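The values are calculated or read from the model by the stated rules, or taken from the named source; none is laboratory data. In this text, all values refer to a predicted model and were calculated from it rather than measured experimentally. Heads up, the Cβs are rebuilt from the backbone with ideal geometry, glycines too, and the neighbour counts pull from every protein chain shown. Surface accessibility is based on the protein's heavy atoms, side chains included, excluding ligands, DNA and RNA. Shrake-Rupley method; radii C 1.70, N 1.55, O 1.52, S 1.80 Å.
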Amino acid sequence: MSDDQRTETQRTETQRTGDERTTLASFLDFQRDTLAMKCAGLTTEQLRTRVLAPSGLSLLGLVRHLAEVERSWFRNVLNNEAVPGFWKHPDGSFAEFDVETADPDEAFATWHRECAHARELVAAAESLDVLGHHGEEVFSLRWILTHMIEEYARHNGHADLLREHLDGTTGE
């Protein structure tokens, strides 16, 4: 894994005077960067560790989960790509939180790739009113970006607790 994928310590500045798309995109990138910071400098074993029993959460599980969330909302809902899940059990259920033998390099590469693709789709969209579909449900790009900020913020709270339990590191 390249150093920039596990040692990221810089976060995207949120745009305080930009238009709505720029503001939402910068807040989403800030949240993505926060997750990367929570994982920075940890070993494979630390990334896999579940430290808050009975929860099955680990930092690596969160990275894999958020790669799936990026795929689902941007590729499948917004862009109608029908890309299947990355980590599944033989029965088809999602396995992103099953990290006992998971490869952090693969997980971070997948997550970074999905984030980059999402950025491309957001930049190319005609407006925030572009619609995506999930079955009969319809979602605007504006809603998807807002939801993604919420999704990351919630999981970054989990990441804060996991990291503090792993090595005592606290932070923003």
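Can we say Val99 is in contact with a helix residue (DSSP H, G or I) (Cβ under 9 Å, 6 or more places away or on another chain) and in a helix (DSSP H, G or I)? Let's see the steps before the verdict.
Working: in contact with a helix residue (DSSP H, G or I) (Cβ under 9 Å, 6 or more places away or on another chain): yes; in a helix (DSSP H, G or I): no.
So Val99 fails the test.
Exactly one residue among Gly135, Gly85, Gly157 is small (Gly, Ala, Ser) and on the phi > 0 side of the Ramachandran plot, and that residue is Gly135.
Open to solvent by 40 Å² or more (accessible area, probe 1.4 Å), among the aromatic types (Phe, Trp, Tyr) and modelled with pLDDT of 95 or more, is that true of Phe86? Quick ask: steps written out before the conclusion?
On the way: open to solvent by 40 Å² or more (accessible area, probe 1.4 Å): yes; among the aromatic types (Phe, Trp, Tyr): yes; modelled with pLDDT of 95 or more: yes.
Yes; evaluated as a whole, the condition is true for this residue.
Consider the stretch 65-81 and keep the residues that are of a type in the set (D, E, K, R) and farther than 14 Å from Tyr152 by Cβ. The one that is least open to solvent (accessible area, probe 1.4 Å) is Arg71.
Which one of Leu52, Leu24, Leu42, Leu60 is among the aliphatic types (A, V, I, L, M), more than 14 Å from Asn156 (Cα to Cα) and not in a loop (DSSP other than H, G, I, E, B)? Give the derivation first.
Details: Leu52 fails: not in a loop (DSSP other than H, G, I, E, B); Leu42 fails: not in a loop (DSSP other than H, G, I, E, B); Leu60 fails: more than 14 Å from Asn156 (Cα to Cα).
None of the others qualify; the one that does is Leu24.
Contact annotation: residue pairs with Cβ atoms under 8 Å, 6 or more positions apart or on different chains, pairing a residue in the stretch 89-105 that is under 23 Å from Ala36 (Cβ atoms) with a partner that is part of a helix (DSSP H, G or I) and of a type in the set (Val, Ile, Thr), are Pro104/Thr44; Pro104/Val63.
Picking from residues in the stretch 116-157 that are loosely packed, with under 15 Cβ neighbours inside 10 Å and in contact with a strand residue (DSSP E or B) (Cβ under 7 Å, 6 or more places away or on another chain), the one that is farthest from Thr14 (Cα to Cα) is Val138. The set of residues from the stretch 63-96 being closer than 23 Å to Ala116 by Cβ, in a loop (DSSP other than H, G, I, E, B) and not aliphatic (A, V, I, L, M) comprises Asn79, Asn80, Glu81, Pro84, Gly85, Phe86, Trp87, Glu96. Evaluation of Glu164 against the conditions (1) free of Cβ contacts under 8 Å to residues at least 40 places away in the same chain; (2) out of contact with any Ser or Thr (no Cβ under 7 Å at 6 or more places or on another chain); (3) under 25 Å from Gly41 (Cβ atoms); (4) not basic (Lys, Arg) shows that the sole unmet condition is (2).
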